[in-house]
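Remarks on the structure that follows.
The values are calculated or read from the model by the stated rules, or taken from the named source; none is laboratory data. Here the structure is a predicted model, which means the values were calculated and not measured. Here Cβ is always computed from backbone atoms with ideal geometry, including for glycine, and neighbour counts include all displayed protein chains. We work out accessible area using only protein heavy atoms, side chains counted, and drop any ligands, DNA or RNA first. Shrake-Rupley method; radii C 1.70, N 1.55, O 1.52, S 1.80 Å.
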Amino acid sequence: MARRHRNDSRPGDEDFVPFTDAERRAHADALSNAHAGHDCAEQAASLCQAGEYYAILGDHDLAEQMFRQALPIEDAEPGAPQAAYASFLLDRHRHDEAMAMITEARRLHPEDPDVFSVIGEALAEHGYAQQAARWFTAGLVTHLGHLTDLNLDDLREDFHTEQLAHGRYQARQVLKLPQDHIDALVQELRQHNAATAVAH
């Protein structure tokens, strides 16, 4: 039944969702070899995904090997391998190395909102709320080009905008900063979603 529901996708396929450790390892193994030798953005992304799955399995040495293989790929999404590796390093309590990776990601001038989200979430999770808030804010500015006329529809209609604004709101809550207009929008959206859930 599970296989039919997954539309017969196989380990390494973009839409494959592993449920067991055996499936996670098969998926990670397939991802680690995807696009081998091409030095393309897709290979870097596959290596990072493989690293994340190996980390979940507790195979940290192999996970680190995947991240380190992705770092020198010139066609990788700017900052994406550094963001994934920094998150891994923070989870391993290697904070100095993680911060060096985050600095490297910043130097590459990332544009993908996922890079900002991954770094912001990792920083927030490990007690760096101020730096996290900065990354989420920078992600919003990079993604939207402005913040002054951000409105509720922007959050409702764009996943990345909502994700960055929500991460920023949570980090600012930890810092006990006064509410600004973005925080107010996040709260309004949360209240709306809660009311909708109750109604259904």
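Pick from 161, 148: which is more than 19 Å from residue 98 (Cα to Cα), open to solvent by 50 Å² or more (accessible area, probe 1.4 Å) and among the polar types (S, T, N, Q)?
Values: 161 fails: open to solvent by 50 Å² or more (accessible area, probe 1.4 Å).
From the options 161, 148, the qualifying one is 148.
Which numbered condition trips up residue 185, out of (1) open to solvent by less than 50 Å² (accessible area, probe 1.4 Å); (2) touching a Ser or Thr at 6+ places or on another chain (Cβ under 9 Å); (3) more than 26 Å from residue 70 (Cα to Cα)?
Single failed check for residue 185: (2).
With a cut-off of at least 1 residues that are modelled with pLDDT under 95 and open to solvent by 20 Å² or more (accessible area, probe 1.4 Å), name the helices (runs of 4 or more DSSP H) lying wholly within segment 21-120. Before the answer, list the steps.
On the way: elements: 21-33, 41-56, 60-70, 80-91, 95-107.
Correct list: 21-33, 41-56.
Return only the number of the condition from (1) within 20 Å of residue 52 (Cβ to Cβ); (2) touching a Ser or Thr at 6+ places or on another chain (Cβ under 6 Å) that residue 155 does not satisfy.
Result: residue 155 passes all but (1).
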